[in-house]
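Structure, as structure tokens:
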Amino acid sequence: MKAPTLQIDRVGLEEIELLFQLTVNTFTETFEKQNSIANLQLYIKEQLNPKQLLTELKNPDSFFYFARHKEEIVGYLKLNFNQAQNEAVLEGKAFEIERIYIRQTHQRKGWGSQLFNKAIELGKEKGYTQLWLGVWEHNEKALAFYKRKGGLPFSSHLFQLGEDPQKDILMQFNI
């Protein structure tokens, strides 16, 4: 059975509080079972606070999108282009998916694939032929998802979660 189609719209500046709430909710849901609450809270305080999110939202090379189903926001996507990317990789020929999250209660409905496909569509519109992303080495569910999508590991980088240095696998995709 085919998943209902999501409505995927760009996040506006006036929606910063909704973005903040969703960001904290999905990040916590995804990582709380394998990390300390103290490290999660420190990361949220330093990296996912409303002021930081507003700065990212105002960056002309970063784009946030809400995924809605029947008016409910069920997930979101953040894309980075040009200098907004977290790493200078793949000779500048790729763009970055920095965040792609679906609320836990809405996972396994095909909506992550819809967000991923939207990222590809937006990248192609800007003339890109590759995308890349970083995924925590212990996030087996996400690693499996990206491998199914054709992702190939090409490097790794440090992801500082509070006081815990972690390793992200960098994956590339030809689009």
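Some values worked out for this structure:
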| read-out | value |
| --- | --- |
| Residues whose placed amide H lies under 5 Å from that of Ser155, excluding near-sequence neighbours | Leu170 |
| Over 27 Å between alpha carbons, listed pairs Lys33/Lys147; Lys58/Lys141; Lys51/Lys93 | Lys58/Lys141; Lys51/Lys93 |
| Dipole magnitude (debye, nearest 20) for the chain, charges at Cβ of Lys, Arg, Asp, Glu | 700 debye |
| Magnitude of the charge dipole, segment 10-71, Cβ model with Lys/Arg +1 and Asp/Glu -1, debye to 20 | 60 debye |
| Cβ-derived FRET efficiency at R0 22 Å, Ala144 paired with Asn39, nearest 0.05 | 0.35 |
| Potential lengthening between Lys93 and Asn49 on full extension [0.36 nm per residue; Cα-Cα distance subtracted] | 12.8 nm |
| Listed residue (Phe63, Asn25, Thr5) projecting farthest to the positive dipole end of the chain, Cβ model | Thr5 |
| Efficiency of FRET from Cβ geometry, His106 and Ser155, R₀ 41 Å, rounded to 0.05 | 0.85 |
| Sequence-distant residues sharing a close amide H with Gln160 (under 5 Å, placed H) | Gln166 |
| Helix-only mean residue ellipticity at 222 nm for the chain, each DSSP H run of n ≥ 4 adding -39500 (n - 2.57), per residue, nearest 500 | -10500 deg cm²/dmol |
| Where N is the number of residues in segment 1-73, Cα Rg divided by 2.2 N^0.38 Å | 1.25 |
| Protection-proxy order for peptides 63-75, 38-50, each taking the mean of Cβ atoms within 10 Å per residue, highest first | 63-75, 38-50 |
| Residues whose placed amide H lies under 5 Å from that of Arg99, excluding near-sequence neighbours | Lys78 |
| Mean-position separation - Cα centroids, segment 6-61 and segment 63-84, in angstrom | 11 Å |
| Within segment 6-45, GluC sites (Glu not before Pro) in DSSP loop having at most 14 other beta-carbon neighbours inside 10 Å | Glu32 |
| Rg/Rh (Cα only; Kirkwood hydrodynamic radius) as it applies to segment 117-170 | 1.04 |
| Reciprocal of mean inverse Cα separation for segment 83-175 (Kirkwood radius, Å) | 13.9 Å |
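Every read-out reported here was derived from the displayed coordinates using simple, explicitly stated rules and does not represent laboratory data. All values reported here derive from a predicted model rather than from experimental measurement. Here Cβ is always computed from backbone atoms with ideal geometry, including for glycine, and neighbour counts include all displayed protein chains.
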